[in-house]
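Report on the structure given below.
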Amino acid sequence: NYKKNNVIDYDCIIPVNGGVDSFYTVYYVKEILKLKPLCVHYNSLYTTSLGHSNLSRLRREFNVDIHMHIPSREQVIAINKATIYHLDSMYWHVHAGSTSYPLHIATRYKIPLIIWGSHESTEQVGMYKHNDKVEMNRRYRHDHHLMGIEIEELEKLDPQITKFNNNIYKYPDYNLIYNEGIRGIYLSNFIPWNQKNNHELMIKKYNY
């Protein structure tokens, strides 16, 4: 049972952005599960004005706190140059930041449960079954989200990016995660998940 008796404490963390399944996940966790979440947002600098509007609406509609990290423009440009050259990707930092930052917040504030929305490898490509109850972990992040390159390796490939504080892109130490009992689960493994229906419901209820 992750629900705290103290109304001040957060029961869980929900990673959010300006789209995808953030709205539905917050809706389900707050309104159906009756948990008090702390929302966590890694600002990729790619978010559109509509995405920012959605985040603002999410905060107002559900009365949630949002913990946000905004990297400098110079840091994102430098990392993008490195990842475009070595990985043909300008999206690496988005995956790295959005999958590590919630863990940093969880360990800092000792919040043991992180609730993600859908698990793309289950929902989209059938790598797992729903009853496998796949959880967020370092290995999956390394192999798929980061395409096999951690920030420490990227710094060796391109020393120019070492002038920035890149700790936000590092996955916290496993022992720290284990000692705090932190788990990252996917909501889509526990309830029927229909992306189209979820979006339409949020548009109807909250003008998302």
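Just one of Ile191, Ile114, Ile149, Ile168 is over 30 Å from Ile84 (Cβ atoms) and either β-branched (Val, Ile, Thr) or touching a helix residue (DSSP H, G or I) at 6+ places or on another chain (Cβ under 7 Å) (or both); which is it? Among Ile191, Ile114, Ile149, Ile168, only Ile191 is over 30 Å from Ile84 (Cβ atoms) and either β-branched (Val, Ile, Thr) or touching a helix residue (DSSP H, G or I) at 6+ places or on another chain (Cβ under 7 Å) (or both). Inside segment 25-36, residues that are within 14 Å of the chain's Cα centre (by Cα) and touching a residue at least 60 places away in the same chain (Cβ under 8 Å) make up a count of 1. Residues in segment 11-20 that are open to solvent by 20 Å² or more (accessible area, probe 1.4 Å) and out of contact with any Phe, Trp or Tyr (no Cβ under 7 Å at 6 or more places or on another chain) were compared, and the one that is modelled with the highest pLDDT is Asn17.
Among the residues making up segment 137-167, a single one is in contact with a Phe, Trp or Tyr (Cβ under 6 Å, 6 or more places away or on another chain) and not basic (Lys, Arg): Ile151.
Restricting attention to segment 159-208, the residues being crowded, with 16+ Cβ neighbours inside 10 Å and part of a loop (DSSP other than H, G, I, E, B) number 7.
The values are calculated or read from the model by the stated rules, or taken from the named source; none is laboratory data. The model shown is predicted, which means the values in this text are computed figures rather than measured ones. Quick reminder, even Gly has a Cβ in these numbers, built from the backbone with ideal geometry, and neighbours come from all protein chains shown. Each accessible area value is taken on the protein alone, full model and side chains, heavy atoms only, with ligands, DNA and RNA left out. Shrake-Rupley method; radii C 1.70, N 1.55, O 1.52, S 1.80 Å.
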